[in-house]
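The values are calculated or read from the model by the stated rules, or taken from the named source; none is laboratory data. Quick caveat, the model's predicted, so the values are computed rather than measured. Ideal geometry is used to build each Cβ from the backbone, glycine not excepted, and the neighbour counts take in all protein chains shown.
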Amino acid sequence: MPDARAPLLTDDDVFTPAAESALKEIFSRFDVDKDGNLSRAEIDAFAIAANGEKFDEATIEELSDSFDTTADGKLTLEGFLDMYHLQTLSDEDETWKDLKTFGYDDKLVKSDTQT
């Protein structure tokens, strides 16, 4: 049976417009102060919503070292998308798990009920 899920990546391994739109919406949901970046508190809220617990210090350090952040350590939208891009390339099911957690269906449509 063919995979019924919408593709997350194109043949060139870039996010499809629908996947990028969903991830940007999730980012904006946690960017409480609407400064275009995720502060440590906003990252913690995202991690708890996605995984049930905050990221540990090693993961936070890895985020800062590996992805685009501001001078004061906030994760940028570009960094957030890069984080998900890397995850999707290595474990697409994990990205789907997060998308489902945040209320998206197999066609990347957001339901009215979201966590």
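For the range 36-60, the set of residues classified as surrounded by fewer than 12 Cβ atoms within 10 Å (Cβ to Cβ) and of a type in the set (D, E, K, R) consists of GLU53, ASP56, GLU57, listed by residue number. PRO17 passes every criterion in (1) within 20 Å of ALA6 (Cα to Cα); (2) free of Cβ contacts under 8 Å to residues at least 24 places away in the same chain; (3) crowded, with 18+ Cβ neighbours inside 10 Å apart from (3).
For LEU77, the stated conditions do not hold, so it cannot be described as out of contact with any helix residue (DSSP H, G or I) (no Cβ under 9 Å at 6 or more places or on another chain), surrounded by fewer than 18 Cβ atoms within 10 Å (Cβ to Cβ) and modelled with pLDDT of 95 or more.
Within the range 7-31, the set of residues being of a type in the set (Val, Ile, Thr) and either in a loop (DSSP other than H, G, I, E, B) or at pLDDT below 95 (or both) comprises THR10, VAL14, THR16.
Restricting attention to the range 68-79, report how many residues are out of contact with any strand residue (DSSP E or B) (no Cβ under 8 Å at 6 or more places or on another chain), part of a helix (DSSP H, G or I) and farther than 17 Å from PRO17 by Cα.
0
If the condition is being assigned to a loop (DSSP other than H, G, I, E, B) and aliphatic (A, V, I, L, M), then the range 80-110 contributes LEU108, VAL109.
Of all residues in the range 86-114, those that are without any contact (Cβ under 8 Å) to a residue 24 or more places away in the chain have Cβ atoms under 9 Å from Cβ atoms of residues that are of a type in the set (Phe, Trp, Tyr) and in a loop (DSSP other than H, G, I, E, B), 6 or more apart or on another chain, in LEU86/PHE67; GLN114/PHE102.
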